[in-house]
Amino acid sequence: MPPLKEPEKNHTVTVPPSKALIAAETDVLVVGGGPSGLGASLGAARAGARVILAERYGFVGGASTVALVMPLMSAHTQEPVLRKPGKEYLFPTDHGDGKRVIAGVLLELVNRLIENGGATPPTIDTGYVVPFDPEILKYTALCMLDEAGVEILFHAYAFNYRNTDSPEVFFHTKSGPVVIKAKFVVDCTGDGDIAAYAGAKYEIGRDSDGLTQPMTKYFRMVGFNRPAFLEYIKKHPEQWYGVFGLWDLVEKATNDGKLKLPREDILMFSTPHEHEVSVNSTRVSNALSTNAFDLTRAEYESRFQVHEVSEFLKLYVPGFEDSYMIQSGTQIGIREARRITGDYVLTGQDIIEARKFSDVIARCAYSLDIHNPKGKGTRIERLPPGESYDIPLRCLLPLNLKRILIAGRCISGTHEAHSSYRIMPAAMATGQAAGVCAAIAAREFSDIHSIRPLLVQNELLRQEADLGDVFQR
Ligand SMILES: Cc1cc2nc3c(=O)[nH]c(=O)nc-3n(C[C@H](O)[C@H](O)[C@H](O)COP(=O)(O)OP(=O)(O)OC[C@H]3O[C@@H](n4cnc5c(N)ncnc54)[C@H](O)[C@@H]3O)c2cc1C
């Protein structure tokens, strides 16, 4: 059966009025339990606020667990140099020394994942990325939230927002509609749902045609024979560039009629487990995550692609003969949706020029990384070696909204800038900053736009965030 198409006519009915159960009143409500939501919840709770985290699924982690997006990208100035032919490794190995530019809750999560056997330490040999186990991440992140005293409501889908005396967010739950009242709300939904419900200004996609980066359904292959694979790429060095390649095999399978891949190569990553890889090779273009019909088509198409790619690996790629797919993302991975317009709009130029801002609340060194919204190919533009850029507090403050902050991939930036700060370490860092800012605003009962950046920076430094030479800006 094909996916249901969006109706051509906009016929509607009025939804019967209903009552919502008042579940709680809190200082800070964080909606969305992905990397930014984890950062925001921990940042706000450690700054002394009562915090409730509401999440649509029954576990935290967002794209890292829901969509199996692995690994955590580099939090260092030197990122993986992927375009070096003939590397035997599933990770490249030729980097200069990198400086870590993100710490705080991200660093704590990474260290605790390593302690729990759920991550490989970031080293120069792996380009500072952090391969992790998503199940151990779910557990480790939950422990951190628990210790910080964050209260959680799972299986709660936010569907509306109202600002009366205090902001109210409405959720669909199995108990029927539920409302949580809060002094301040941090929108960590990735898609910017809450800010959009509240009437925020936002943009979607690139300027030329509004298209966003494609979606990708990740999957995990186990039973992988790493030595056999490495032996193959040793013999065919031109076929593997660190984490992607196999062009000839892809072409052969395509000519054999076994593969219709919307990208030209296979992209896959090591995990902490010797006999496992995570595969990022499916691609669905022209679909928006804020449209139920597009999202359905994306899930539908990517499911067929996952099947094809996993069969291709088993049939064509040495080392995968006895492997099998053990898991695919509960939900397709969404790279890009709404970008909420804030008091400042970060640009690609700011990133490439490694710009610094006096109201810095997070730093990042990842390149511009735009997967072609229309088909094959990926555009990468790097920062100068050893450099990082600042993310200003103003990017977390939606224009004209006083009680909602944004964090993660929906913060204020252009399509180009978004392709860099969307990575999970940066999302955790902007989350932590938004949580801290919300907690301070709740304490002072102040409009978010009038919070002094210095207060946020001082609390972030107390929470061991890395803001570089913040007071020299
Ligand atoms: C295919 C792909 C590959 C990527 N590769 C990497 C990589 O290798 N390394 C890296 O670091 N980053 C990578 N990224 C980017 C990164 O995963 C995301 O940008 C990042 O997870 C964004 O974090 P977030 O917290 O803003 O949003 P998300 O991770 O999307 O989390 C949002 C959370 O909010 C919840 N939610 C959404 N709407 C609602 C609602 N209405 N009500 C309640 N809950 C809601 C969701 O269930 C989810 O838990 C990749 C992304 C994709 C899609």
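Across the range 163-183, the number of residues qualifying as over 25 Å from the mean Cα position of the chain (by Cα) and either surrounded by fewer than 17 Cβ atoms within 10 Å (Cβ to Cβ) or in a loop (DSSP other than H, G, I, E, B) (or both) comes to 8. Cβ separations smaller than 6 Å between residues 6+ apart or across chains give the following pairs from the range 48-62 residues that are within 25 Å of residue 442 (Cα to Cα) to residues that are part of a loop (DSSP other than H, G, I, E, B) and within 12 Å of the ligand (Cβ to nearest atom): 53/33; 54/156; 55/33; 55/154; 60/33. Take the residues of the range 413-471 that are among the hydrophobic types (A, V, I, L, M, F, W, C) and closer than 30 Å to residue 372 by Cβ: which is farthest from the ligand (Cβ to nearest atom)? Per the stated criteria, the residue is 417.
Conditions (1) touching a Cys at 6+ places or on another chain (Cβ under 6 Å); (2) assigned to a strand (DSSP E or B); (3) within 18 Å of residue 70 (Cβ to Cβ), marked per residue:
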| residue | (1), (2), (3) |
| --- | --- |
| 277 | no, yes, yes |
| 281 | no, no, yes |
| 298 | no, no, no |
| 302 | no, no, yes |
| 306 | no, no, yes |
| 311 | no, no, no |
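Between 134, 121, the distinction of being free of Cβ contacts under 8 Å to residues at least 24 places away in the same chain and either assigned by TED's automatic domain parsing to the domain that holds residue 25 or within 13 Å of the ligand (Cβ to nearest atom) (or both) belongs to 121 only. Condition (residue is within 8 Å of the ligand (Cβ to nearest atom) and either within 28 Å of residue 409 (Cα to Cα) or in contact (Cβ under 8 Å) with a residue 60 or more places away in the chain (or both)) applied to the range 17-27: is it met by at least one residue? Checked against the condition, which is being within 8 Å of the ligand (Cβ to nearest atom) and either within 28 Å of residue 409 (Cα to Cα) or in contact (Cβ under 8 Å) with a residue 60 or more places away in the chain (or both), the range 17-27 yields no hits at all.
Looking at the range 231-244, can you tell me whether even one residue there is at pLDDT 95 or above, on the phi < 0 side of the Ramachandran plot and crowded, with 22+ Cβ neighbours inside 10 Å? No, that holds for no residue. The one condition from (1) over 20 Å from the mean Cα position of the chain (by Cα); (2) within 15 Å of the ligand (Cβ to nearest atom); (3) over 27 Å from residue 436 (Cα atoms) that residue 68 does not meet is (1).
The single condition among (1) surrounded by fewer than 17 Cβ atoms within 10 Å (Cβ to Cβ); (2) more than 11 Å from the ligand (Cβ to nearest atom) that residue 145 does not meet is (1).
Here 232, 202, 241 are screened, and the one residue that is aromatic (Phe, Trp, Tyr), in contact with a strand residue (DSSP E or B) (Cβ under 8 Å, 6 or more places away or on another chain) and in contact (Cβ under 8 Å) with a residue 24 or more places away in the chain is 202. The set of residues from the range 267-296 being farther than 22 Å from residue 125 by Cβ and either surrounded by fewer than 20 Cβ atoms within 10 Å (Cβ to Cβ) or acidic (Asp, Glu) (or both) comprises 285, 286, 290, 291, 292, 293, 294, 295, 296.
Per-residue answers, yes or no, for (1) of a type in the set (Val, Ile, Thr); (2) closer than 16 Å to residue 428 by Cα; (3) in contact with a strand residue (DSSP E or B) (Cβ under 6 Å, 6 or more places away or on another chain); (4) crowded, with 22+ Cβ neighbours inside 10 Å:
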| site | (1), (2), (3), (4) |
| --- | --- |
| 5 | no, no, no, no |
| 10 | no, no, no, no |
| 17 | no, no, no, no |
| 23 | no, no, yes, no |
| 37 | no, yes, yes, yes |
| 42 | no, yes, no, yes |
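To keep it simple, each residue is scored yes or no on (1) within 11 Å of the ligand (Cβ to nearest atom); (2) modelled with pLDDT of 90 or more.
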position	(1), (2)
52	no, yes
60	yes, yes
74	yes, yes
97	no, no
130	yes, yes
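Screening the range 375-421 for strands (runs of 3 or more DSSP E) wholly inside it with 3 or more residues that are at pLDDT below 95 returns the ranges 378-381.
Scanning the range 433-448 turns up one or more residues that are among the charged types (D, E, K, R) and part of a helix (DSSP H, G or I).
To keep it simple, each residue is scored yes or no on (1) closer than 18 Å to residue 398 by Cβ; (2) touching a Phe, Trp or Tyr at 6+ places or on another chain (Cβ under 7 Å); (3) surrounded by fewer than 17 Cβ atoms within 10 Å (Cβ to Cβ); (4) touching a residue at least 60 places away in the same chain (Cβ under 8 Å).
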residue	(1), (2), (3), (4)
431	yes, no, no, yes
435	yes, no, no, yes
440	yes, no, no, yes
444	no, no, yes, no
450	yes, no, yes, no
457	no, no, no, yes
460	no, no, no, yes
464	no, no, yes, yes
467	no, no, no, yes
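Regarding residue 370, is this residue of a type in the set (Val, Ile, Thr), under 19 Å from residue 103 (Cα atoms), assigned by TED's automatic domain parsing to the domain that holds residue 184 and touching a residue at least 40 places away in the same chain (Cβ under 8 Å)? Considered against the rule, which asks whether it is of a type in the set (Val, Ile, Thr), under 19 Å from residue 103 (Cα atoms), assigned by TED's automatic domain parsing to the domain that holds residue 184 and touching a residue at least 40 places away in the same chain (Cβ under 8 Å), residue 370 comes out as no. For the condition surrounded by fewer than 20 Cβ atoms within 10 Å (Cβ to Cβ), among the β-branched types (Val, Ile, Thr), modelled with pLDDT of 95 or more and not assigned by TED's automatic domain parsing to the domain that holds residue 411, residue 347 does not qualify. No other residue among 308, 353, 336 is surrounded by fewer than 21 Cβ atoms within 10 Å (Cβ to Cβ) and in contact (Cβ under 8 Å) with a residue 40 or more places away in the chain apart from 308. Does residue 250 meet the test of being part of a helix (DSSP H, G or I) and either under 29 Å from residue 419 (Cβ atoms) or among the acidic types (Asp, Glu) (or both)? The answer is yes for residue 250.
The values are calculated or read from the model by the stated rules, or taken from the named source; none is laboratory data. This structure is a prediction, so every number in the text was calculated from the model and none was measured. Neighbour counts run over all protein chains shown; Cβ positions are idealised from the backbone, glycine included.
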